[in-house]
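The values are calculated or read from the model by the stated rules, or taken from the named source; none is laboratory data. Please read these numbers as outputs of a predicted model, since none were measured by experiment. Reconstructed Cβ throughout: ideal geometry from the backbone, glycine too, with neighbour counts over all protein chains shown.
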Amino acid sequence: MVALRRLGAMVLTLVISSFVIFAGMYAAPGDPVAFLIGNPENMTPERIAAVRAEYHLDQPFLSQYLIWAKDLLHGDAGSSFVYQQSVTDLLGSRLPVTLSLVAYAGVLFVVIGVLLGVVSALRKGTAVDALITGVTTFATSIPNFVVAVVLISVFAVKLRWFSVSGPGEGFLGRIHHLTLPAIALALGAIAVVSRVTRQTMVEQQSLDHVEAARSYGLTSRKTVVRHVLRNSLGPIVTMCGLILAGMLAGTVVVEGVFGLNGIGSLLVEAINTHDFPVVQAILLYMVIAYMVVTVLVDLIYPLLDARVSARSGS
Amino acid sequence: MSVLLEIEDLTLRVPAVEILRGISLQVATGETVGLVGESGSGKSSTARAALRLFPDEAQAGGRISVGGVDVLSAGDAAVQRIRAHDAAMIFQAPRTALNPVRRIGDSATERLVQVHGLDRKAARAKLLTLFEHVGLRDPESLLRKYPHQLSGGMLQRVVIAAALSIDPKLLLADEATSALDVTTQAEVLALLKRLRGERDLGVLFITHDLHLAAAYCDRVYVMREGLIVDHQPGATIFENPGNEYTRQLADAVPTLPAQDSTETGKVGSR
Ligand SMILES: Nc1ncnc2c1ncn2[C@@H]1O[C@H](COP(=O)(O)OP(=O)(O)O)[C@@H](O)[C@H]1O
Ligand SMILES: [Mg+2]
């Protein structure tokens, strides 16, 4: 019952967002025919009519949407105005860069963020805690691109540890090349995750069952792992999921600065060249990516805290 | 009989509040000692102190010894040994004393498995026997349940069984039977009495119910505002209350152990 409702909500979200995205493109200034034909000398009435028919531009708005949506359901997102290539192929060739960048950043912000949060919760009130809080607060206040530029000038230009741009060859090459972009992408998230971790753990530390565990001689390390950290996982996983979902749609700036050919730079490129089918497909990908991650989090949470399924279940 | 727990002139203060103002009491092996007083008088704080469990920023003075070890000055390892082997505490609010996100079986066997190093199977077997002793039905399925699926009375029996599972010498029972109905309370009290005979278990029995304490305990201490105001053998405390406050308590408390709000999950103050 709950699963059905959730599924219904997802379908509805997809329908509405696809409609809004399509309508947005439809309303965007400029006649697609002009971009499709390109050279003004070719603008003969016959040519215009042919192009309009090929791209269904002669149909009313609603039928255009329905044609697009029906094709999407069959896995066909149309073809790019610019590349004369299927949009799904185009996205397929760009996705790996973005996904590996986000995965790398995800590993970084989860591992480092949680670690810093745990350390600062366990050292609450000490200089270490103050240092971590100070540095992470500072980190959240710097925009992505500033971090990116600083990283490039220090580690790529000055120290020459990393190349300035490009995604790199092979697995290790890619990891090496994606290191600076991933750090730039992850820095703000590390700060947020470490603060959520610290806050949740501090709240958990003072609960009765933690004192009870201490009262029967559980070592502090085991008390932290089995009670304090264990019970903080729900909020931590939720926060990491939200950040990750946002990141899947938020690589534009970092990809731009580091010259990575991912989805983000494709989006910018497509907007600049009025490549509407590509823009539509990417926006829809972002909606779907966000939805998939948040649904995953919703599925994981009850496994971490059985009270949740009791509350939201039948 | 040897002294298990000896508290001498214990003071405890957190900034701005003096919680305990010079408590002295003793519990010997095989002895059941009542600690009675209204809510907020410092009973729980006294019991916690025996295991060196203090609020943050608390300052303790005086002397506490458990099995001859000076709890306030001992090293961490010695205190750890006392907590693991010598003294077990049954916390006042069973619903919050159990980890809400872990199964009853995991929580209740944690001290046997993680502290005593028993294997999981042996720990479960031991716990199942104790579950039956405290009157829990269908103990096998209980192990797989979560705290929010059980009533306050069932949870209280779970924590009692868990505390007894390590065969402690000293039991610090903080309102341990107050969420139980009369029949179950009688069963649990009988079990504790039997352990006292069999294993020389010493019990510090904390309750707000003077009648229960008088009927069940060898000696009774009456506490008020961080002080011991009366100390009598259980048998005589009604005939000869040593203090006006004791008399008030005797008149105020209902004779039957009430099935209080803990049963529905709402738990009173410590
Ligand atoms: N962590 C704490 N910080 C400040 N005051 C506390 C703390 N724990 C208990 N107290 C205070 O100490 C007094 C005694 O509490 P407690 O020992 O729980 O009494 P009882 O168990 O008899 O109800 C109460 O007034 C309570 O407010
Ligand atoms: Mg209390």
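The table below lists the values:
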{"item": "Single residue of the stretch B:176-195 satisfying the filter (in contact with a helix residue (DSSP H, G or I) (Cβ under 8 Å, 6 or more places away or on another chain) and more than 20 Å from B:ASP86 (Cα to Cα)) that is nearest to ligand 2 (Cβ to nearest atom)", "result": "B:SER178"}
{"item": "Test: residue in the stretch B:138-152 that is aliphatic (A, V, I, L, M), buried (at least 22 other Cβ atoms within 10 Å of the Cβ), within 14 Å of chain A (Cβ to nearest Cβ) and farther than 16 Å from A:LEU218 by Cα", "result": "no"}
{"item": "Within the stretch B:38-63, tally of residues that are within 12 Å of ligand 1 (Cβ to nearest atom), of a type outside the set (Gly, Ala, Ser) and within 12 Å of chain A (Cβ to nearest Cβ)", "result": "6"}
{"item": "Number of positions in the stretch B:34-47 that are at pLDDT 95 or above and either among the charged types (D, E, K, R) or more than 16 Å from ligand 2 (Cβ to nearest atom) (or both)", "result": "1"}
{"item": "Selection from the stretch B:221-245 of residues that are away from ligand 2 (no atom under 16 Å from the Cβ) and touching a helix residue (DSSP H, G or I) at 6+ places or on another chain (Cβ under 7 Å)", "result": "B:VAL229, B:ASP230, B:GLY234, B:ILE237, B:PHE238, B:PRO241"}
{"item": "Residue count, the stretch B:158-195 (criterion: within 16 Å of ligand 1 (Cβ to nearest atom) and of a type in the set (Ser, Thr, Tyr))", "result": "2"}
{"item": "Filtered residue count, the stretch B:104-157, keeping only those that are among the charged types (D, E, K, R) and touching a Leu at 6+ places or on another chain (Cβ under 8 Å)", "result": "6"}
{"item": "Within the stretch A:19-54, considering residues that are modelled with pLDDT of 80 or more and of a type in the set (Phe, Trp, Tyr), the one farthest from A:VAL279 (Cα to Cα)", "result": "A:PHE19"}
{"item": "Residue check, A:GLY106 part of a helix (DSSP H, G or I) and either buried (at least 19 other Cβ atoms within 10 Å of the Cβ) or under 21 Å from the mean Cα position of the chain (by Cα) (or both)", "result": "yes"}
{"item": "Helices (runs of 4 or more DSSP H) contained in the stretch A:154-267 and holding at least 1 residues touching a residue at least 24 places away in the same chain (Cβ under 8 Å) and surrounded by 17 or more Cβ atoms within 10 Å (Cβ to Cβ)", "result": "A:170-205, A:230-248, A:252-258"}
{"item": "Unique match (being part of a strand (DSSP E or B), surrounded by fewer than 18 Cβ atoms within 10 Å (Cβ to Cβ) and at pLDDT 90 or above) among B:VAL203, B:VAL229", "result": "B:VAL229"}
{"item": "Sole exception among (1) part of a loop (DSSP other than H, G, I, E, B); (2) out of contact with any Asp or Glu (no Cβ under 8 Å at 6 or more places or on another chain); (3) within 10 Å of chain A (Cβ to nearest Cβ); (4) within 16 Å of ligand 2 (Cβ to nearest atom) for B:ARG95, by number", "result": "(1)"}
{"item": "Residue within the stretch A:278-301 that is away from every other protein chain (no Cβ under 14 Å), of a type in the set (D, E, K, R), surrounded by fewer than 17 Cβ atoms within 10 Å (Cβ to Cβ) and more than 12 Å from the chain's Cα centre (by Cα) present", "result": "yes"}
{"item": "Check on B:THR29, in contact with an Asp or Glu (Cβ under 8 Å, 6 or more places away or on another chain) and either farther than 22 Å from B:VAL203 by Cα or more than 10 Å from chain A (Cβ to nearest Cβ) (or both)", "result": "yes"}
{"item": "Test for A:LEU185: is it more than 22 Å from A:VAL135 (Cβ to Cβ), touching a helix residue (DSSP H, G or I) at 6+ places or on another chain (Cβ under 8 Å) and away from chain B (no Cβ under 13 Å)", "result": "no"}
{"item": "Every residue from the stretch B:98-109 that is more than 7 Å from chain A (Cβ to nearest Cβ) and more than 25 Å from B:THR32 (Cα to Cα)", "result": "B:ARG102, B:ARG103, B:ILE104, B:GLY105, B:ASP106, B:SER107, B:THR109"}
{"item": "Inter-residue pairs, beta-carbon under 7 Å, first in contact (Cβ under 8 Å) with a residue 40 or more places away in the chain and in the stretch B:197-223, second acidic (Asp, Glu) and away from ligand 2 (no atom under 16 Å from the Cβ), 6+ apart", "result": "B:GLY202/B:GLU31; B:ASP218/B:GLU31; B:VAL222/B:ASP230"}
